[in-house]
1. Which of the residues spanning region 178-191 are hydroxyl-bearing (S, T, Y) and modelled with pLDDT of 90 or more?
2. Give region 196-219 a look and list any residue that's crowded, with 20+ Cβ neighbours inside 10 Å and of a type outside the set (A, V, I, L, M, F, W, C), or say none.
3. Filter region 216-231 down to the residues that are farther than 14 Å from V251 by Cα, in a helix (DSSP H, G or I) and over 15 Å from the mean Cα position of the chain (by Cα) and list them by number.
4. Which number in (1) buried (at least 17 other Cβ atoms within 10 Å of the Cβ); (2) touching a Ser or Thr at 6+ places or on another chain (Cβ under 8 Å); (3) polar (S, T, N, Q) marks the one condition that Q47 misses?
5. For the condition basic (K, R), in a helix (DSSP H, G or I) and either more than 30 Å from T84 (Cα to Cα) or free of Cβ contacts under 8 Å to residues at least 60 places away in the same chain (or both), what is the one hit in K240, K211?
6. Scan S121, S152 and give me the residue that is surrounded by fewer than 23 Cβ atoms within 10 Å (Cβ to Cβ) and under 19 Å from S212 (Cα atoms).
Amino acid sequence: MPDTTSSASAFNFLEKIGAPFLHLIRSLGRVAFFLARALVKIFAKKQLQSIAQHVYYIGARSAPIVMLVGLFTGMVLGLQLFHTLVRFGSAGVLGSAVGLTLVRELGPVLTAIMITARAGSAMSTEIGIQRITEQIDALQTMGVDPLRYLVSPRIAAAVISFPILTALFDLIGFLGGFLTGVVLLGLDAGTYFYRLQSSILFEDINGGFVKSLVFAIIVTTVCCYNGFYTHLRKDSFGAKAVGLATTSAVVISCVLILISDYVVTSILL
């Protein structure tokens, strides 16, 4: 006779393994459908004013912190790379090292993480509060599409703001590398800027902008999705659910930024 006990144990083991995987697939499907619906509604009428307001909040209001982080990132890169390159007698290529590191990797990634911390968390919290206070239900009652009104303008604004802030981060980072390498450590200014200009190609700049666009979609989708469906969380409800949704949005966004950075880099190289 077949051993029913061992068969049941094997089935339970497979069920425990498969359940999280199936939950992940369902969640990815819901997020993809959420994003697709929001993208379609970007092109609805009377969206321009709302998009402009979110560009100001996501882009202009985030510029100071992005510039500050970009400046000190460039300064740290200049300091570390200078002392490393001196060991090999290659201090003259400091401009190339700083420029390529910022444009290819640190610029898009750190810009996206800073915007996530500042604007992404606010998106999730704001939409989450609107959900638990039934403002989203009121919009649906009045015949207003919540996705068109709350999510689509934020996605469009992020797509506009992320590349601009990434470029700003890179430029300020170049200045930070100049301050450390040239002003503090005595590297020739002409050598620094010549290496910076000659080593950065259009493909490098294009790759950085592609990453920033991917990060914009990821951050806004994850943050808006967590806020929009705060009421469906099983671990809490009310104000606590909003806090947990915001925390989840920021953590998931940062992890996905790093994962997608690797994926996009492997494709572009």
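1. If we filter region 178-191 for residues that are hydroxyl-bearing (S, T, Y), which is where we start, we get 180, 191.
Residue satisfying the conditions is T180 alone.
2. G207, G208, K211, S212
3. Passing the criteria: F228, T230, H231.
4. (1)
5. Values: K211 fails: either more than 30 Å from T84 (Cα to Cα) or free of Cβ contacts under 8 Å to residues at least 60 places away in the same chain (or both).
None of the other options fit; the residue is K240.
6. Criteria check complete, one pass: S121.
One line per residue, one yes/no per condition, for (1) in contact with a helix residue (DSSP H, G or I) (Cβ under 6 Å, 6 or more places away or on another chain); (2) over 25 Å from E105 (Cβ atoms); (3) of a type in the set (F, W, Y):
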residue	(1), (2), (3)
V182	yes, no, no
L185	yes, no, no
G190	no, yes, no
S199	yes, no, no
K211	yes, no, no
F237	no, yes, yes
T247	no, yes, no
L268	yes, no, no
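The values are calculated or read from the model by the stated rules, or taken from the named source; none is laboratory data. If you're wondering where the values come from, they're calculated on a predicted model, not measured in any experiment. As a convention, Cβ positions derive from the backbone with ideal geometry for all residues, glycine included, and neighbour counts pool all protein chains shown.
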